[in-house]
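Shown next, in structure tokens, is the structure this report addresses.
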Amino acid sequence: MQRQDDTAHAIRNTSWPTVAIIGLGFIGLPLAMAYARKGSRVIGVDINEAHVKRLQQGKTTSIETYEGHTLEHYLQNAISQNNFIATTDFSVAAREADAFIVTVGIPILDGKPLYDAIDAATDALAKVIKPGDLLLYRSTHIPGTLRNHVIPLLKKVSSLDIEHDVHIAYAPERVAEGRAMEEFQTVDVLVGGLNDASTAHAIEVLRTINQASLHATTIEMAETVKVVENVQRDVNIAMMQEIARFAQNMGLSTPELVGLANTHPRVNLLTPGAGVGGYCIPNAFHYLQVKAEDMGIELPLLAMSRDINQRVPITILDRIERASGWQASTWQGKKVTVLGLAMKNYSNDDRLSPSVALIDELLRREADVTAFDPLVALEPYAYARASLEDALQDAEVVIVTVRQHAWDRFSVEDIRRLAPPCRLIFDACSALATDQDRSISLLRV
Ligand SMILES: NC(=O)c1ccc[n+]([C@@H]2O[C@H](COP(=O)([O-])OP(=O)(O)OC[C@H]3O[C@@H](n4cnc5c(N)ncnc54)[C@H](O)[C@@H]3O)[C@@H](O)[C@H]2O)c1
């Protein structure tokens, strides 16, 4: 029997909390929909007016899906059931909601954290919160941020006695983009409250959507665990870049090596690709480093891992040069097509994308670059083309950085058909099936 679309039945559950989600980005919007889908009334707050307007019209570019439906489907259902409104006005949220869930980030610029967004959100909340409200921070934090940065700001701005009148807690968001709606429900959550009442209030609000285990701990532990989770992926992938180089020189396939090693129950090697991107993993080392500097300690292994991952685009170009007997100058004027602008497979997120870093490096070497990614907006990238055919036309070298459905079933022969001059392909994500065409040299990570 076909599974029923339960969003059609998500009428308001009056025993659920009315929640305000602050920040409606990659995490905040699906989180808002997870609550609305359960029957909570959700007030979504974002400072980006154009984004809020689109959401009010039931439109989103999010590519999250859940149970065969797009996030846009859930958004339109939630709006029609009056379970969701989007606004730029914090006071609208404060009139209805008694739980405020913050999902604005702390970007890193040149290794230093930018607190502007989280400060602005905290400042705005401090002006509107009421006694008994819950402030639940779900952004990824530099360890110590909630107690040493956020709470002092709340105390400075609010007229309430912050430690007694409101509940404050931290519960890092651990879901992966693309699987958010599922993982909000199924992934364990860590919860650190300022006091027992704060922890209990946070657990009650988290429980609305989450059926997994909720682990009560300290604020600092929850903040640190989240960053360590991300950092272990950075280190694992950096290690695998080295292992991949070793395997290549041994004439071994890295994906096969990873697959076989992972048959061991206590081994979990990640698959190296064109590098590490997105908001979370590249920032993780810097989040720890900021605190480590404060404490006067060094993190040399983590620093080296970050550096290795940061340099993968250069490593790829160096490898192509070595395999082909080229110099750095050989790239001048060479037509190179990069397939993929997203930071990981099947994603539309191009934040800190290694694909873009790779193209920047190609442009520095004066290559003639075109790129294509069906999920990433063209506008910021002058070299991006609107179709695969346009992008590949005349390509002499093709570099596939991430998988997308547009070339999921491609073989080397398909590339050759669309790019007759192509003699070299670097497939960083093992996307292409190989065939008998020996006129193209195929390199893989
Ligand atoms: N993206 C992920 O996969 C992921 C996974 C786990 C955790 N996280 C963490 O979640 C947090 C959010 O990440 P994201 O990827 O959703 O970021 P995002 O940039 O996609 O979303 C942030 C949103 O907050 C809005 N915003 C900025 N300042 C604001 C303010 N003062 N008031 C209201 N809204 C404001 C922005 O306009 C944007 O829409 C980060 O801390 C990130 O590290 C992200």
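The values are calculated or read from the model by the stated rules, or taken from the named source; none is laboratory data. All values reported here derive from a predicted model rather than from experimental measurement. Methodologically, a virtual Cβ is constructed for each residue, glycine included, from the backbone with ideal geometry; neighbour enumeration extends over all protein chains shown.
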Next on the checklist: Among the residues of the range 123-145, what is the count of those that are under 21 Å from Lys226 (Cα atoms) and not in a strand (DSSP E or B)?
Outcome noted: 8
Item to check | Pick from the range 68-94, criterion of a type in the set (S, T, N, Q) and part of a helix (DSSP H, G or I), ranking: nearest to the ligand (Cβ to nearest atom) | outcome: Ser91
Next on the checklist: When you scan the range 324-337, do you find a residue that is within 28 Å of the chain's Cα centre (by Cα) and either touching a residue at least 24 places away in the same chain (Cβ under 8 Å) or outside any helix (DSSP H, G or I) (or both), even just one?
Outcome noted: yes
Checklist outcome for this item: Considering the range 95-141, residues that are in contact (Cβ under 8 Å) with a residue 40 or more places away in the chain and away from the ligand (no atom under 13 Å from the Cβ), and then whichever is farthest from His167 (Cα to Cα), we arrive at Gly111
Item to check | Flag for Ile63 being in contact with a Phe, Trp or Tyr (Cβ under 9 Å, 6 or more places away or on another chain) and either surrounded by fewer than 20 Cβ atoms within 10 Å (Cβ to Cβ) or outside the structural domain of Met181 (by TED's automatic domain parsing) (or both) | outcome: yes
Checklist entry - What is the residue count in the range 14-30 for residues that are assigned to a loop (DSSP other than H, G, I, E, B) and within 14 Å of the ligand (Cβ to nearest atom)? => result 5
Next on the checklist: Condition (residue is within 24 Å of Glu223 (Cβ to Cβ) and in contact with a Gly (Cβ under 8 Å, 6 or more places away or on another chain)) applied to the range 77-97: is it met by at least one residue?
Outcome noted: no
Next on the checklist: Among the residues that make up the range 163-174, is at least one of them over 18 Å from the mean Cα position of the chain (by Cα), within 12 Å of the ligand (Cβ to nearest atom) and of a type outside the set (S, T, N, Q)?
Outcome noted: yes
Checklist entry - So which residues in the range 271-312 are among the aliphatic types (A, V, I, L, M) and either within 16 Å of the ligand (Cβ to nearest atom) or surrounded by fewer than 16 Cβ atoms within 10 Å (Cβ to Cβ) (or both), if there are any at all? => result Val276, Ile281, Ala284, Leu288, Val290, Met295, Ile297, Leu301, Ala303, Met304
Checklist entry - Could you count how many residues in the range 175-204 are modelled with pLDDT under 95 and away from the ligand (no atom under 15 Å from the Cβ)? => result 0
Checklist entry - Going through the range 191-220 one residue at a time, which ones are assigned to a helix (DSSP H, G or I) and of a type in the set (Val, Ile, Thr)? => result Thr199, Ile203, Val205, Ile219
Next on the checklist: Could you go through the range 356-370 and let me know if any residue there is touching a His at 6+ places or on another chain (Cβ under 8 Å), in the same structural domain as Ile440 (by TED's automatic domain parsing) and in contact (Cβ under 8 Å) with a residue 12 or more places away in the chain.
Outcome noted: no
